[in-house]
Amino acid sequence: VAAVTLEAAGLAGMATATSTPLALVALVVMAIGQGLAVPSLGLLALASVPPSRHGRTAGAFFAYFDAGVGLGGPIVGVAARAADPTGGLFAAAGAVLATAPVALLARSKPRPRGSQATVCLEQGRARG
């Protein structure tokens, strides 16, 4: 949830930035959120399958993630440029925030026992 919040805050900050330095600060905040989100999402994907399927699951996760980044960025960029870039950034921030309930539900879902990803998730919950 922290990753989603940081990424959304960075996107909103980019939408409202009135100078290049402010836009760069917002970009750093967004990048930190994205940097936290990718391994967290990968861990959730691995925790949802038995250990024998971790390789296939990781491959599918990163293939679809990379396709989404590779295709989604240019498509959204063209749409935002044709419309309103500020509105596009706010829409992206809203879309990112909309994933927070999904992340919370995924955290509470039972996982296959014995999975290394499950152990990591449980240790994370115990810490805070």
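The values are calculated or read from the model by the stated rules, or taken from the named source; none is laboratory data. What you see is a predicted model, and the numbers here were worked out from it, not measured in a lab. Neighbour counts run over all protein chains shown; Cβ positions are idealised from the backbone, glycine included. Areas reflect the complete protein model, heavy atoms only, side chains present, ligands, DNA and RNA absent. Shrake-Rupley method; radii C 1.70, N 1.55, O 1.52, S 1.80 Å.
Residue 78 contributes about 100 Å² of solvent-accessible surface, heavy atoms of the protein only, 1.4 Å probe.
At R0 = 35 Å, how high is the FRET efficiency between residue 104 and residue 80 if r is their beta carbon distance? Nearest 0.05 is fine. According to the calculation, E is roughly 0.75.
From the alpha carbon centroid of region 63-102 to that of region 1-48 is 12 Å. Accessible surface comparison of 43, 22, probe 1.4 Å, protein chains only, largest first: the order is 22, 43. Give the shape of region 42-98 as rounded, prolate or oblate, defined through the alpha-carbon gyration tensor: a ≥ b ≥ c are the square roots of its eigenvalues, a/c under 1.5 means rounded, and otherwise the shape is prolate if a/b is larger than b/c and oblate if not. Note, shape of region 42-98 comes out oblate.
Using a probe of 1.4 Å on the protein chains alone, the accessible area found for residue 5 is around 80 Å².
Applying the Kirkwood pairwise sum to the alpha-carbon positions of region 1-80 produces a hydrodynamic radius of 14.1 angstrom.
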